[in-house]
1. Tell me, what is the FRET efficiency for residue 12 and residue 40 to the nearest 0.05, using R0 = 25 angstrom and their Cβ-Cβ distance as r?
2. Distance in nm between label sites at residue 28 and residue 63, each 7 Å beyond Cα in the beta-carbon direction?
3. What Rg and what Dmax come out for the chain when only alpha-carbon atoms are used, in angstroms?
4. Helix 62-90: angle to the longest alpha-carbon principal axis of the chain, degrees 0 to 90, nearest 10?
5. For region 1-48, what is the per residue volume of the convex hull drawn over the alpha-carbon atoms, in cubic angstrom?
6. Arrange 44, 17 by Cβ neighbour counts within 10 Å, fewest through most, would you?
7. Enter the angle in degrees (range 0 to 90, nearest 10) between the Cα long axis of helix 34-55 and the first principal axis of the Cα atoms of the chain, meaning the one along which they spread out most.
8. At residue 54 and residue 75, where each label point lies 7 Å from the Cα along Cα→Cβ, what is the point-to-point distance in nanometres?
Amino acid sequence: MAGMSLLMRSVVPVWILAVLAVIAVGVFVSPGSYLVFMPVILGLALLVTFGIQMLVPVRKGYVNRVSASLGGTVVILALATVVLAPLAFAAGAKL
């Protein structure tokens, strides 16, 4: 990671956490509850993003780093919802 920019070093871990959380939801949660956990994952990503940014000693680019972290997480969750929502509705989930 020595060659990575500060932006990528502080953003990619949040994306990895989001992917792992989505996989965990897909494996360990009953299909009817898949959609309940998507906002939980987003909240977790928000907390982790702010935690990582508190550890970064550079102020410049803060908004860009937070936007990239959360924007990427939203894309990951949107893709996960496209995959998991039909399974959830097939299992009887309601809006």
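Every read-out reported here was derived from the displayed coordinates using simple, explicitly stated rules and does not represent laboratory data. In this text the structure is predicted, and so the values were computed from the model without any measurement. Reconstructed Cβ throughout: ideal geometry from the backbone, glycine too, with neighbour counts over all protein chains shown.
1. Numbers: r = 21 Å, r/R0 = 0.85.
Calculated value: 0.75.
2. Label at residue 28, label at residue 63, 3.7 nm between them.
3. 15.1, 48
4. 10
5. Details: hull volume 3.1 nm³, N = 48.
Residue-normalised Cα hull volume stands at 65 Å³.
6. Details: 44 16, 17 19.
Taking fewest neighbouring Cβ atoms as first place, the list is 44, 17.
7. The answer is roughly 10 degrees.
8. In this crude label model, residue 54 to residue 75 measures out at 2.8 nm.
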